[in-house]
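Throughout, read-outs are computed from the coordinates displayed, never taken from laboratory work. Being a predicted model, the structure only gives us computed values, none of them experimental. Here the Cβ positions follow ideal geometry from the backbone for every residue, glycine too, while neighbour counts run over all protein chains shown.
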Amino acid sequence: MKVSEGLSIGALAARTGLAVSAIRYYEAQGLIRPWRNPGGQRRFARSDLRRLSFVMIAQQFGFSLPQIKAELDRLPGGRTPTKADWAKISIGFRAALDDKIETLTRLRDNLDGCIGCGCLSLPSCALYNPVDTAARKGAGPRYLMGDRP
């Protein structure tokens with residue numbers, strides 16, 4: 001196969017480990033943009049291997065498809081992304097991942113205390129919320145998210 005012919009959807013599936021249906025879904029979401037050969041078959045750029053790998057990894061880190069698409073939209077459409085292109089994307093993702101790590105660390109540390117306490121009724125407990133006073137700070141487990149009573 002000539003590189004100019006692109007990859008078939010089956011070849012892309014074999015290389016990425018994704019189901020063909022998943023590749024079609026990612027195409028429908030605008031994450032990859034194949035073209036059609038004269039026979040009407042989808043063809044994918046070799047750079048789509050990296051794009052789909054990025055999608056799979058970013059999803060494992062908890063990023064949504066709209067977030068992933070926004071980042072992929074920054075990459076050049078007409079050429080293979082360079083190391084510098086990917087580095088630009090990693091800057092934004094690094095900040096988001098640092099925030100997630102901080103939140104998970106705080107959650108882990110607070111749950112250690114709750115597991116030891118076991119009662120969830122002490123005023124010092126991060127989960128304790130008498131008369132729902134945390135509601136004025138917003139939705140969710142406010143004290144575990146870092147808010148103070």
**Message:** What does the charge count around ALA139 come to, taking other residues whose C-beta lies under 14 Å from its C-beta (Lys +1, Arg +1, Asp -1, Glu -1)?
**Reply:** +1
**Item:** Residue-span extension gain [GLU5 to MET56] - 0.36 nm each, minus C-alpha spacing
**Value:** 15.9 nm
**Item:** In range of the label at TRP86: residues from the range 9-52 whose backbone nitrogen is under 15 Å from the point 7 Å along Cα→Cβ
**Value:** 16, 46-52
**Complete:** Site TRP35, offset 7 angstrom along Cα→Cβ, radius 14 Å on amide nitrogen, limited to the range 69-99, gives 77-80
**Request:** Please give, to one decimal in nm, the separation of the simple spin-label points placed at ARG46 and ARG148, each 7 Å out from Cα toward the Cβ.
**Result:** 5.7
**Prompt:** What's the local net charge at ARG74, with K and R +1, D and E -1, over the other residues with C-beta under 11 Å away?
**Reply:** -1
